[in-house]
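Following: one structure in structure tokens, then a few remarks.
The values are calculated or read from the model by the stated rules, or taken from the named source; none is laboratory data. These figures come from a predicted structure and were not determined experimentally. Cβ: placed from backbone, ideal geometry, glycine included. Neighbour counts: every protein chain shown. The area values use the complete protein model at the heavy-atom level, side chains included, leaving out ligands, DNA and RNA. Shrake-Rupley method; radii C 1.70, N 1.55, O 1.52, S 1.80 Å.
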Amino acid sequence: MESNYPVKGKDQVLLNFERGTESWPLSSYLTRGGYSTAKSVLSGGKYDSPADLVGVVKASGLRGRGGAGFPTGLKWSFLPKEPSGPIQLVVNADESEPGTFKDRVIMEENPHQLIEGCVLSCWAIESASCYIYIRGEYVPAIKRMVAAVDEAYAAGHLGEDIYGSGFTCHVTVHSGAGAYICGEETGLIESLEGKKGQPRIKPPFPAVYGVFGYPTIVNNVESIAAVTYIAHAGADSYRQWGTEKSAGTKLFSVSGPVKRPGVYEVAMGYPFKDLLENECGGMLDGVALKALIVGGSSVPVVNAEKALKINMDYESCAENDTLLGSGGVIVIGEGTCMVRTLMTLLRFYHHESCGQCTPCREGTGWIERIVTRIENGDARSGDIDELYRIADNMELRTICTLADAAAWPTKSFIEVFRDEFEAHIEQGKCPHDNQFPDHLNLRGGGKPQRHADPEHAFIA
Amino acid sequence: MSDQVTLTIDGKEVTVPRGTKVIEAAKQVGVEIPHFCYHPGLPVDGNCRMCIADVRTWNARAEKHFPARRPAVTCWTDAEENMQVFTDTDEVKKSRATVMEFLLINHPIDCPICDKAGECMLQDHYMQHDGKRSELREEKIHKPRLKPFGERIVYNGERCILCSRCTRFTAHVSKTHDLGIVNRGDRAVVELAQGSTFDNAYTDNVSDICPVGALTKTDFRFKKRVWFLKHTDSVCGGCSRNCNTVVDHDRAEIVRIMPRRRDEVNGHFMCNEGRDIYKSLAATVRTSAPISRVDELGAGPSWDDALAWAGGKLGEQKKGGKLAVIGSPWMSNEEALVLGHLAGKVCKSAWMDIKNDVIEGYPADDLLHTDDHNPNRAGVIAAGVVPGKKDGKDLAAIQEAIAAGEVEVLLVWGTGLANHYDSVEAMHEAVAKVPVVIQLTDAMDALSEVAQLVLPVRNWAERDGTWTNFEGHTSRFRKALRPHGQARDGFELLSAMCTAAGGKPPVKTFKDARKKLKQDPDSDVREVADGEFAFYKGQSLYRHHSGTTEV
Ligand SMILES: Cc1cc2nc3c(=O)[nH]c(=O)nc-3n(C[C@H](O)[C@H](O)[C@H](O)COP(=O)(O)O)c2cc1C
Ligand code: SF4
Ligand code: SF4
Ligand code: SF4
């Protein structure tokens, strides 16, 4: 099986560079064959028509890497045949889901592959303009992307009449202000237009009515970066990795008490067990696996037993009652208070709810307050069911899925770790004394183990 | 594709134009879907989640109905051919109760001191859809409670359910962009835009459309509990728009005026000037009985004597005499019908025109207010008081005739004749040349100081009638207040004058008058349920892009 997934090496789809080297300048990208695909596609030598390329992306089985896993080629084909205005491409680089930090690696270390992906995607969907919306806190990523876009313009890979092909593509890097909700595609669009980032009621979907009212495709950074490979190597080549329904490779950002947290590119279907043992070097010494949030903070948590059964693909996650999400792998070690963990997550959703829909605006704060009471030992036995009931009521009743994203972890934490909630109530206090374990080094309290050989050192 | 679609709502079939929202289609079969943020006069926002129903779309290929993946909000879902909507299932009821629960956890529930109590949508729905006692153990979120938004509106952030009706109003209807929602999540509050003084002509509408008591009017705060108010359908006379209104009163005085939906006239809204009109009404000086300056009648004649005398004077003018009639754009259509008949038929033929009773007010704008500060010029003319009908003599010509001493009897309805002279003195000097001046009026003015006979009539709040606006739409106003003193109904008084002048009134009853005027039978409709609203048709229903691209 070893050869079935790329781990390290130049033939990787996304992390196709020697890590730890200066991989981000244009000169480095060119040594990896950078922009050769764009040249051959734009000159008309590679595909007969944009529809051809859309077909290849469809055939590749690429599914959106932003969380929902919607087939990218299919999404592209929803663009109206007679568009009401110039088609827009928006790259969603808002990456704000707790636990997810994979797009930043692409932007910081391999920005030109994203830009080439933008050019190719624009060519496929017949768009001349692309926005890359980056979360405000990602200052290094913003700097790298801006520098790379400048380089690409200067070298003629972007702009008017690229390579004399007659094709024009402009890329604008736009910085958000640090709001999770601006990662939801229509919230992003509102924000991009200069308004308060609040998701729009749908339909119409962005493909019909997007940025400035124009037909718009919104895709995740990783999806667009993968298009570069797919356009270059073809659908079959991409499908050499992964499973029938989860094709290709995927980035996973692993955090938690593992020896080497970081971002790894593996083939879909790669067992979590192997990811943990091989790539991440296993759990920290003396810390056992307790639970796993496999796809970013919004997906249901699973216990260790189930975690070890998961393969990193959509089907296997579904079989194990969770979701692949955006690939933000949060490993939870033994000794971690699950009530406190949930409280921390819910504080995030409470803080980030945009506040338009009643159930989300009122519910996120409400469940956070209840969990906080449980954590503080100030709860009654009925509170657990009450918490579950309220979370359940938040589901499916809102404009976007942020409310669901707060409800799912809540329900799953209760389902999987109900005994811990009960212990808080029975003891009238947090059995962990309101502390996260030392190995997390969150409060600066105890002495953390050092992470050996960190996979990434991010430099601005 | 046909432009009509047929669907069922709770089993009732209804056919509506394509593009109609389910919530509006439901109204047509008498199904009221509960909601807070939806307002037919505003772009849809879909934020409150109250109007969720079980909406099943028909899939022709599968020959099956499919439920929506995420439950649909009916304010935003288009009615589709063969759609099935269920608004009364256990699931839907649970959904509503859920939304109610979320709305109430941070609501102060201070109904006993809230001006909206009694007409609050939250209160109404609470009774219908939740009805549970609040068992919340969590501390409620606190927000600013007494925030002035300009001089007329006070904001209470704790009562606010963040439905965005007020901000949509300022963004899309008044287009003044005064209000916005700032902050996220449950910290969100409505704020006045920096630098805005919220002093435009339409601010009070935000209080009417606020589903709760978060935006109260300084003019109404703590004045009256609404359940003590009587409500009478009325029409605003502040300008020739004729906004349809509801007058809230206690028979003796008006406490507030609210807009009433009338799609082709005012849509859903009205201006602040129209709301304040009751104050100037209360401030007018009136006479409770006829006043005479004629020796044979004495200073305080009885109605019978006064009418007989006036009829006699008018009767003398029957044969081509020198009679001038100056009507008013404040008369009802029915009154104008009788006055026109009196001037043209009973007295054979008189010079006639209409004066400008009120010349000051809000300037015209492109929302509602017009530049004529009187309600019924169009209707009065149409009903028969036709300017210059005899000899082409219009008001200016009549004024010349008065100055030349050619007018023997001058019959004036209402106030404001002095508006047509340089000064009150000039008016007094002119009318002194007329031997008989008879004024029928609901308020005393400079003319009342000199007229030979002043006959008090009821004002718009004290009588029934119709006005026709500048666009030709007729609206009905009804008697709200007890008449002042012996003031008489204008229609009935003018009819009696026809008889006193030796003629016959044109019609017997008010109803006959309306028939004769071929009035638009819709003129007393309370609400038009077709979901269209005349004034906002030109704009995108989609809130996000009203300014740039239209969908
Ligand atoms: C609350 C919320 C936050 C989201 N944040 C992100 C994000 O940070 N990045 C992202 O790519 N997609 C995010 N999404 C998903 C996007 O709405 C959208 O589905 C995605 O960008 C589509 O790209 P894809 O098809 O390539 O996955 C978020 C969705 C929700 C509901
Ligand atoms: S679900 Fe929450 S975040 Fe999403 S639109 Fe509604 S209030 Fe905003
Ligand atoms: S003030 Fe009233 S109208 Fe405005 S958002 Fe709050 S509840 Fe809605
Ligand atoms: S617009 Fe004219 S008719 Fe309407 S309320 Fe204002 S003054 Fe009255």
Considering only DSSP beta bridges where both residues belong to the protein assembly as shown, give the percentage that are antiparallel (nearest 5). 60
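Which length gain, in nm to one decimal place, applies between B:W227 and B:D90 when the Cα-Cα distance is subtracted from 0.36 nm times their residue separation?
On the way: separation 137, 0.36 × 137 = 49.32 nm, distance 3.25 nm.
Separation in residues times 0.36 nm, less the Cα-Cα distance, equals 46.1 nm.
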J(HN,Hα) series, the stretch B:141-154, from Karplus relation 6.51 cos²θ - 1.76 cosθ + 1.60, nearest Hz, glycine and proline x: 7, 9, 9, x, 10, 9, 10, x, 10, x, 8, 10, 10, 10
Would you please give the residues with an amide H less than 5 Å from that of A:V173, counting only those at least 5 places away or on a separate chain, with H modeled from the backbone geometry? A:I132
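Average projected area of the Cα convex hull of the stretch A:250-333, in nm²? Each step should come with its number before you reach the end.
Values: hull surface 17.0 nm².
Mean orientational projected area (the stretch A:250-333, Cα hull): 4.2 nm².
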Could you give the dipole magnitude of chain A about its Cα centre, charging the beta-carbon of Lys and Arg +1 and that of Asp and Glu -1, in debye to the nearest 20? 340
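About the Cα centre of the stretch B:372-420, what is the dipole size in debye to 20, counting +1 per Lys and Arg Cβ and -1 per Asp and Glu Cβ, all else neutral? Provide the component values of the computation, followed by the final result.
On the way: 4 positive and 6 negative charges, 38 e Å.
Here the stretch B:372-420 has a charge dipole of around 180 debye.
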Could you order peptides B:160-173, B:355-368 by the average number of other Cβ atoms within 10 Å of their residues, highest first? B:160-173, B:355-368
Of B:G311, B:S95, A:L158, whose Cα points farthest to the positive end of the dipole of the protein assembly as shown (charges on the beta-carbon: +1 Lys, Arg; -1 Asp, Glu; origin at the Cα centre)? B:G311
Just going by the charge dipole of the protein assembly as shown, with Lys and Arg at +1 and Asp and Glu at -1 on Cβ, which of B:C160, A:L323, B:M258 is farthest out on the positive end? B:M258
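Counting heavy atoms of the protein chains only and a 1.4 Å probe, report the per residue accessible area for chain B as a whole number of Å². Spell out each step's value before the answer.
Values: 22730 Å² over 551 residues.
Per residue, chain B has an accessible area of 41 Å².
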Set of the stretch B:77-100 residues, backbone N closer than 12 Å to the point 7 Å along the Cα-Cβ line of B:T8: B:82-86
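Within 14 Å, Cβ to Cβ, of B:G298, how many net charges do the neighbouring residues add up to if Lys/Arg are +1 and Asp/Glu are -1? Write out the running numbers ahead of the final one.
Details: positive: B:R293; negative: B:D295, B:E296, B:D304, B:D305.
Neighbour charge sum, excluding B:G298 itself: -3.
Could you grab the relative contact order for chain B? Cα pairs under 8 Å, six or more apart, rounded to a whole percent. Mind dumping the intermediate values first?
Working: 1147 pairs, mean separation 72.9, N = 551.
So the answer I get is 13 percent.
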Size of electric dipole in the stretch B:321-467: Cβ of Lys, Arg +1 and of Asp, Glu -1, about Cα centre, debye, nearest 20: 780
Calculate one ³J(HN,Hα) per residue across the stretch B:322-328 by plugging θ = phi - 60° into the Karplus curve 6.51 cos²θ - 1.76 cosθ + 1.60, and present them in order as whole Hz with x for glycine and proline. 10, 9, 10, 10, 10, x, 9
What number do you get for the stretch B:285-526 when its Cα radius of gyration is normalised by 2.2 N^0.38 Å, N = residues? 0.95
Residues other than A:K196 with Cβ under 9 Å of its Cβ, Lys/Arg counted +1 and Asp/Glu -1, net out at +1
Any idea how far apart A:D438 and B:E253 come out in nm if each label point goes 7 Å out from Cα toward Cβ? 7.9
A:K250: which lysines have alpha carbons under 22 Å from its alpha carbon, excluding same-chain residues fewer than 8 sequence positions away? A:K8, A:K10, A:K58, A:K75, A:K102, A:K259, A:K273, A:K306, A:K309
5 Å is the cut-off here: which amide hydrogens, built 1.01 Å from N in the peptide plane, fall below it relative to A:N220, excluding neighbours closer than 5 in sequence? A:R65, A:G66, A:N92
Residues of chain A: accessible area per residue at 1.4 Å, in Å²? 36
At 1.4 Å probe size, what's the solvent-accessible area of A:H232? Round to the nearest 10 Å². 100
Given charges at Cβ of Lys, Arg, Asp, Glu: chain A dipole, positive-most of A:I374, A:A403, A:T168: A:T168
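What FRET efficiency, computed as 1/(1 + (r/R0)^6) with R0 = 25 Å and r the Cβ-Cβ distance, is obtained for A:A318 and A:F212, rounded to the nearest 0.05? Before the final figure, lay out the partial values.
Working: r = 37 Å, r/R0 = 1.47.
After rounding, the FRET efficiency stands at 0.10.
Over the stretch A:250-333, what is the relative contact order in whole percent, taking alpha-carbon pairs under 8 Å and six or more residues apart? Don't jump to the answer; show the numbers that get you there.
Numbers: 184 pairs, mean separation 31.1, N = 84.
It rounds to 37 percent for the stretch A:250-333.
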At a Förster distance of 51 Å, what's the computed FRET efficiency of B:V424 paired with B:I113, Cβ-Cβ distance as r, to 0.05? 0.60
What residues does the stretch A:166-198 have that are buried by at least 40 Å² of accessible area in the full protein assembly compared to the chain on its own, 1.4 angstrom probe? A:K196
Cα-based Rg of the protein assembly as shown per 2.2 N^0.38 Å, rounded to two decimals? 1.22
Could you compute how much accessible surface B:E406 exposes when probed at 1.4 Å, giving the result in Å² to the nearest 10? 80
Added length on full extension, which subtracts the Cα-Cα distance from 0.36 nm per residue, A:L308 to A:S381: 23.1 nm
In nm, to one decimal, how far is the modelled label at A:Y163 from the one at A:V139, with both set 7 Å along Cα→Cβ? 3.8
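Once you have the alpha carbon radius of gyration of chain A, what is it after dividing by 2.2 N^0.38 Å, with N set to its residue count? Show your work: numbers first, answer last.
Numbers: Rg = 22.1 Å, N = 460, 2.2 N^0.38 = 22.6 Å.
With N residues counted in chain A, Rg over 2.2 N^0.38 Å equals 0.98.
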For chain B, the fraction of alpha-carbon pairs in successive 20 Å shells from zero, as %: 20, 44, 26, 10, 0
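Please find the FRET efficiency linking B:N82 to A:S237, where r is the Cβ-Cβ separation and R0 is fixed at 41 Å, and quote it to the nearest 0.05.
On the way: r = 46 Å, r/R0 = 1.12.
Given R0 = 41 Å and the Cβ-Cβ separation, E is 0.35.
Can you check what the net charge comes to around A:V339, using other residues whose Cβ is under 9 Å from the Cβ of A:V339 (Lys, Arg +1; Asp, Glu -1)?
On the way: positive: A:R340; negative: A:E375, A:E420.
Residues close to A:V339 contribute a combined charge of -1.
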So what is the calculated 222 nm ellipticity per residue for chain A, using -39500 (n - 2.57) for each DSSP H run with n of 4 or more, over all residues, to the nearest 500 deg cm²/dmol? -11500 deg cm²/dmol
Pair B:E63, B:E139: separation of 7 Å Cα→Cβ label points (nm): 6.3
Under 19 Å between alpha carbons, and skipping anything fewer than 8 positions from B:K511 in its own chain: which lysines qualify? B:K479
Given H placed 1.01 Å from N in the peptide plane, which residues other than close sequence neighbours of B:S240 have an amide H under 5 Å from its amide H? B:T370, B:D372, B:N374
Taking 0.36 nm per intervening residue step and subtracting the Cα-Cα distance, what contour gain separates A:L74 from A:S43 on full extension? 8.7 nm
Can you give me the solvent accessible area of A:W366 with a 1.4 Å probe, rounded to the nearest 10 Å²? 10
Within the stretch A:22-57, find all residues whose amide N lies under 19 Å from a label point positioned 7 Å from the Cα of A:A155 along Cα-to-beta-carbon. A:22-43
Share of antiparallel DSSP beta bridges in the stretch A:250-333, in percent to the nearest 5? 80
For the stretch A:338-431, with all protein chains present and a 1.4 Å probe, just round the carbon and sulfur fraction of the accessible area to a whole percent. 51
Which lysines, on any chain, are close to B:K27 with Cα under 22 Å apart, when same-chain ones fewer than 8 places away are left out? B:K12, B:K93, B:K94, B:K537
